[in-house]
Structure formats: C-alpha cells, structure tokens
Amino acid sequence: MSTHHDEAMRHALSLALRGEGRTGANPIVGAVILDADGQPIAEGFHAGGDHAEVVAIKSLASIPAGSTIVVTLEPCNHTGKTGPCVDAIINAGFARVVYAVSDPNPIASGGADRLREAGIEVISGVLEVASRFFNRAWLSVIEKKRPLFIWKIAATLDGKTAAADGSSKWITSESSREFVSLLRRNSDAILVGTGTVIADNPMLIPHDGDDVKNPLRVVMGTREIPEGFNLHDDQAETLHVKSHDFDELIAQLLARGIKQVFVESGSELGTAMVSAGLIDEIILFQAPTILGAGRTFIGDLGITTLDQRFDLEILAHRQIGTDLFTHLKVGK
Ligand code: AOF
Ligand code: ZN
C-alpha cells in the first residue's frame, strides 16, 4: 500500500508545482484520489481558487466507496475563502486520507484530528521532506515571518557580472535567459535595487507568452525611477520601497501576500541581503568565459579569515544551453 501512496504523492507534488506563482499568499497543493484498488481516478491542484482537495472531489460525480485522497498538505479545518476541506472529505465518504506535511498555519490546522474523529483513517508524513521543500516559500512566511529570497546571478566563470566599462549584455546564453523567464513566472515578486534600474532599465517580466498576471516588480532604494523607464509600464505592478531598511521591505511584501521573491539585483543589494542573512538560495548561471577585470557579483562581506566563509550546499546543477546552472541553498 505504501508504494501506492508514495507514487500518488509524487504525482500530487508534480500537480502542486503547476500552481507555482498563481496562489498568491496561499501554499501550492496537489491532490490525487485513488479508488479502493489504489488506482488514480481524479486529481486537482490549487491555482488560487478552490483548494486542491475540493478541485479533485468536484471533478467526480461521486466518490466510490473505499476511496483514498492523497494530498501534499494536511486538509484544512477552517472556513476562509472556501469551506473547510475536512468537511468536503467527510461528506464525500472517503475511507482514508494520506498527506505529506502537517499544516502549521494556526487558523487552518487540526484537520487530521477532525478526520480521525469522523472515523477516517489518516496517514501523515508521506514524502514530507520533498513536500516541505516545494512549499518552502509558504512555510518561510509562517515560520520565519518573511518571504523566501532566491538570488539570481548571471556571471562569467570568474564571477564577473559586467566588464570594466560596465557592458553586461549578454553574458549568459539565450537558453539561460529563457529559463530565467520561467523562474520569474514561478515567483510572486522580482526584486532589484535602484542601481540596477538606473543602469539597465530592466523590464522584469517573464517573457513566456503566458497571459496570467505578472509578478510584482519591487525596487528598493531611495533614488527615483526615471520617467519613461520600463518599470513604469503597465505590464506588471511596480512597488518602490524608498528605504534601505529590510524590515520595511519585508513588511510591505508580507502585506501584499508575497511569499517567494526572485532577487535580480546587482552586487550592492545582493551583498547587503547576504550580510543581513536574508538570502536563502542562489541560482547561478555561469557562462564559460573569463573577464578578469570587471564587476564581481558580490562585495565585501567583512570576511577576513577562512573560518568566516559563507558556505552553500548544491541542490541541483546542470548545463543549460552553453552555460552552467547551479541551484544552491545557503548553509550546510
Ligand atoms: C490553499 N490551497 O489546496 C489547501 C490549503 O485562504 P484560504 O481560506 O484559501 O485558506 C488557506 C489555508 O488553507 C492555507 O494557509 C492552508 O493552511 C490551508 N490549505 N490552502 O490555499 C489548498 N489545501
Ligand atoms: Zn482546504
């Protein structure tokens, strides 16, 4: 039975991912319904409307006796934008609920207890580590009271982001830039400093032809965004945080339900964020080219001896186009 559950959970996780960038302040969640023989008969994911469980349940006219619902998050036990999923599960007559991660959200937790009280078998913790990773942005907001910050760096082999004269277009290949579009799409906000805005006049839009709402563009710093600059266009909303105070930035992001921020800053803001302990992950695109002189992606972190070094762990790496892509997590 457990292999059935693992397989269904893997599928539920892949469904959950389809909601990335579309659920606002809410988690990404996937659900799969199995019949009494363990065969998948329905599925659903949260895309900002109904919760995943309800999407899956509504896709069937009725739930066959003995069915199991496999869901990446403990079913909710509260009435928010929608009714409690536990009620929908109890009313549908499920025999069993399998979930990955317990809901740490105080207003929605307690679902498992209610299901058990209703006589439903509950199995928790299936593929929990992977599922926590998928929802790490939402968990960061609940557990750390701040969004997840992922810093994207496009650099040469020797870590330069621009040549000595400031020229920087394009260091990495087109395939890498297409991949960046996807990463922007899966983020709730894209953050840069005023320095990058003034130097590059970026658009910060996922150029993927998708017609869903584009991520919020966030600029940090006290300088004005010059008139006529791309960030004033109507392709996405732009929030200018006229401050150098990260608490102010975090407060404004949380107020807008932002949970995952893609940081596309230069070295100034990036270095300040690393120093403040705010960078959770780095996505590095490295072109197989060397500049020697030029701007480095990071500045002085106040490190004077090897013991103080800033360690990262490699989560994934591969070649994209002609570049090397590395996804790193801060800390060991
Ligand atoms: C979701 N999607 O598929 C599940 C959620 O804001 P509400 O009323 O939609 O409730 C959100 C809470 O419900 C959320 O923080 C989480 O605790 C729980 N489960 N949420 O958005 C879902 N299953
Ligand atoms: Zn729910």
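A short reminder: the numbers here are calculations on the coordinates, not readings from a lab. Please read these numbers as outputs of a predicted model, since none were measured by experiment. So basically every Cβ, Gly included, is an ideal-geometry build from the backbone, and we count neighbours across all protein chains shown.
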Note on the chain: contact order normalised by length, alpha-carbon pairs under 8 Å, 6 or more apart, percent, works out to 16
Karplus ³J(HN,Hα) for region 25-34 (6.51 cos²θ - 1.76 cosθ + 1.60, θ = phi - 60°; Hz, whole; x = Gly/Pro) runs 6, 7, x, 8, 9, x, 9, 10, 9, 10
Listed by chain and number, the residues whose amide H is under 5 Å from that of TRP151, excluding neighbours fewer than 5 places away on the same chain and using placed H, are VAL263, ASP280, GLU281, ILE282, ILE283
Row for region 147-330, column shape: gyration tensor on C-alpha, a ≥ b ≥ c, rounded if a/c < 1.5 i.e. under 1.5, prolate if a/b over b/c, else oblate; value rounded
Fewest to most Cβ atoms within 10 Å: ASP323, ASP307, ASP6 sort as ASP307, ASP6, ASP323
Taking PHE325, PHE310, PHE45 and counting other beta carbon atoms within 10 angstrom, the fewest-first order is PHE310, PHE325, PHE45
Surpassing 30 Å at the alpha-carbon level, of the pairs LYS58/LYS329; LYS144/LYS169; LYS81/LYS329; LYS58/LYS152; LYS213/LYS329, are LYS58/LYS329; LYS144/LYS169; LYS81/LYS329; LYS58/LYS152
Quick calc, SER175 & SER14: beta-carbon distance into FRET formula, R0 30 Å, rounding 0.05, result 0.85
Between ASP35 and ARG309, Cβ-based FRET efficiency (R0 45 Å, step 0.05) works out to 0.25
From fewest to most C-beta neighbours within 10 Å, the residues VAL197, VAL32 line up as VAL197, VAL32
Phi angles of region 290-299, converted by Karplus (6.51 cos²θ - 1.76 cosθ + 1.60, θ = phi - 60°) into ³J(HN,Hα) in whole Hz with x for Gly and Pro, give 10, 10, x, 8, x, 8, 8, 6, 9, x
Over all Cα pairs of the chain, the Kirkwood radius sets Rh, and Rg/Rh then becomes 1.03
In vacuo Debye sum over C-alpha of region 292-332, base-10 log of normalised intensity I(q)/I(0) at q = 0.15, 0.34 Å⁻¹, listed in q order, is -0.58, -1.03
If the chain between LYS213 and THR289 were fully extended at 0.36 nm per residue, the gain over the current Cα-Cα distance would be 23.8 nm
